[in-house]
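The structure under discussion appears below in the form of structure tokens.
The values are calculated or read from the model by the stated rules, or taken from the named source; none is laboratory data. Everything numeric here is computed off the predicted structure, so don't read it as measured data. Here the Cβ is made from the backbone with ideal geometry for all residues, glycine too, and neighbour counts use every protein chain on show. Just the protein is used for accessible areas: all its heavy atoms, side chains included, with ligands, DNA and RNA removed. Shrake-Rupley method; radii C 1.70, N 1.55, O 1.52, S 1.80 Å.
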Amino acid sequence: MRILFLSHYFPPEVNAPASRTYEHCKHWVKAGHQVTVVTCAPNHPQGKVYDGYRNTLFQREHKDGIKVIRLWTYVTANEGFIKRTLNYISFMIATIIAAPFLSKTDVLITTSPQFFNGLAGYAVSRLKRVPWVLEIRDLWPESILTVGAINNQLIINTLHYLELFAYRKADMIIPVTDAFRQYMLDKGIEAAKINVIKNGVDLNFYKEQPTTSEKSLDISVKNQQAKQHIDLTGKFVASYVGTHGMAHHLETVLEAAQLLKDQQNIVFILAGAGAERAKLLKLKEQMQLDNVLMLDQQPKDAMPMLWQVSDVSMVLLKKSDLFKTVIPSKIFESLAMKKPIVIGVEGEAKSIVEHAKAGICIEPENHQQLAEAVVKLSSDRALFNTLSENGRLFVEENFDRSKLAKDYLKRLQQLASKTTR
């Protein structure tokens, strides 16, 4: 089968959508299928094209058997509504213009967010005359409305119309949570075309590293050339690894760290990039938090070692009914690396951690509870070990990316077969 996948994000970018797309496509290639990914020059989240790439009209490369085509887009940092929207729309237009020149395919997948990439599937599927699979990794525009990024009612109404249009026109919808599926059902979308494929983890990549008496790592710094050596030997490390955005309310970590300034053995790590990072750096300095280490976004191959020097994973979002529907993908990476989770997210994500018996649940935005959970895990070794082992076993049984990719592929084959009859 020939699969065409439109994704705004792709490695070497290291965010969740890039990883999900790459890992699924890699498995499909191994299964003997032809996969083409159309994306843009890697630049997320700082809006700077990565070394070794150029933002040109058309570039072609191969990665693990995947044919990758990169198109020109308006490049900007992941901040500021108007500039980001121009970035999203430029990629949608580029994919539509490029569609007639792309090789034949049997099925088209587009992934959202970003939303306009998902919506591009309608036009491209008509041009290529193939069934369209719309993957929904976040409810959009609901997610940006929740953080207050848009207030104009006309724009809001237009986006809601386009959202419903996309759901109705797609031949199949792949949401990543059960709550997303229910949201679509409530909007009148027929159940038969909604198939949940949740996020997972590459268990061969995310696994415990050989242990040593030292607890240190060498990490990339801003210029991507120099390295910084960090020694955390003797420290209990609570880490947040991922986007520093409006939705995450990472002030909670700084406030918890302030409560624990006298606990010399506890260190907090915030690793990543995003629209709120500069604000958080400034706040850290104002609060004089020597027990908080803020690291730049790290390349994918550094992730296992970063988790290895960590003891606990913090998974946090703002307190909102919408965020009860999401499942942050870092949950599965943390569990695979045997890192107990302190989860400040309600709803489906909380249920997963509870079912796995692999973490401590706290109220979102509650820094007091976050501090107490970290202290408890640092002092109760028996509890820590039990939660660690439970987590790895749980993802092996339920969220192995290779198994999820096979399920996804089966559904794609069924759709393509039904369409060609």
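The residue that is surrounded by the fewest Cβ atoms within 10 Å (Cβ to Cβ), counting only those in segment 85-118 that are under 21 Å from the mean Cα position of the chain (by Cα) and hydroxyl-bearing (Ser, Thr, Tyr), is 85. Of everything in segment 263-280 that's open to solvent by 60 Å² or more (accessible area, probe 1.4 Å) and outside any loop (DSSP other than H, G, I, E, B), which residue is nearest to residue 372 (Cα to Cα)? Once the filter is applied, the top-ranked residue is 279.
Would you mind telling me which numbered condition in (1) under 22 Å from residue 263 (Cβ atoms); (2) open to solvent by less than 10 Å² (accessible area, probe 1.4 Å) residue 381 fails? Only one criterion is unmet by residue 381, namely (2).
Matching residues to (1) outside any helix (DSSP H, G or I); (2) among the acidic types (Asp, Glu); (3) surrounded by fewer than 20 Cβ atoms within 10 Å (Cβ to Cβ):
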| site | (1), (2), (3) |
| --- | --- |
| 125 | no, no, no |
| 135 | yes, yes, no |
| 154 | no, no, yes |
| 185 | no, no, yes |
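Could you list, in sequence order, all residues of segment 330-355 that are out of contact with any Ser or Thr (no Cβ under 9 Å at 6 or more places or on another chain) and open to solvent by 10 Å² or more (accessible area, probe 1.4 Å)? Show your work before the answer.
Going through segment 330-355, the residues out of contact with any Ser or Thr (no Cβ under 9 Å at 6 or more places or on another chain) turn out to be 332, 336, 345, 350-355.
Once the filter is applied, which keeps residues that are out of contact with any Ser or Thr (no Cβ under 9 Å at 6 or more places or on another chain) and open to solvent by 10 Å² or more (accessible area, probe 1.4 Å), segment 330-355 yields 350, 351, 352, 354, 355.
Apart from one condition, residue 243 fits all of (1) out of contact with any strand residue (DSSP E or B) (no Cβ under 9 Å at 6 or more places or on another chain); (2) open to solvent by 20 Å² or more (accessible area, probe 1.4 Å); (3) not in a loop (DSSP other than H, G, I, E, B); the exception is (3). Taken as a whole, the structure leaves residue 320 outside the set of residues that are open to solvent by less than 10 Å² (accessible area, probe 1.4 Å), among the polar types (S, T, N, Q) and in contact (Cβ under 8 Å) with a residue 60 or more places away in the chain. Of the residues in segment 34-45, at least one is open to solvent by 30 Å² or more (accessible area, probe 1.4 Å) and over 30 Å from residue 246 (Cβ atoms).
What number of residues within segment 1-18 are open to solvent by 30 Å² or more (accessible area, probe 1.4 Å) and touching a strand residue (DSSP E or B) at 6+ places or on another chain (Cβ under 8 Å)?
2
Within segment 58-70, is there a residue that is open to solvent by less than 30 Å² (accessible area, probe 1.4 Å), under 30 Å from residue 131 (Cβ atoms), touching a residue at least 24 places away in the same chain (Cβ under 8 Å) and not β-branched (Val, Ile, Thr)?
Here is the first cut: in segment 58-70, the residues open to solvent by less than 30 Å² (accessible area, probe 1.4 Å) are 66, 68-70.
Now drop any that are not under 30 Å from residue 131 (Cβ atoms), which leaves 66, 68-70.
If we keep only those that are touching a residue at least 24 places away in the same chain (Cβ under 8 Å) too, we end up with 66, 68-70.
Checking which are not β-branched (Val, Ile, Thr) leaves us with 70.
Checked against the condition, which is being open to solvent by less than 30 Å² (accessible area, probe 1.4 Å), under 30 Å from residue 131 (Cβ atoms), touching a residue at least 24 places away in the same chain (Cβ under 8 Å) and not β-branched (Val, Ile, Thr), segment 58-70 yields at least one hit.
Out of the residues in segment 160-171 that are among the aliphatic types (A, V, I, L, M) and buried (at least 20 other Cβ atoms within 10 Å of the Cβ), which is modelled with the highest pLDDT? Among those residues, the one meeting the criterion is 170. You will find that of 325, 386, the residue that is among the polar types (S, T, N, Q), out of contact with any strand residue (DSSP E or B) (no Cβ under 6 Å at 6 or more places or on another chain) and surrounded by 18 or more Cβ atoms within 10 Å (Cβ to Cβ) is 325 and no other.
On inspection, residue 346 fails the criterion of being touching a strand residue (DSSP E or B) at 6+ places or on another chain (Cβ under 8 Å), under 25 Å from residue 198 (Cα atoms) and of a type in the set (Asp, Glu).
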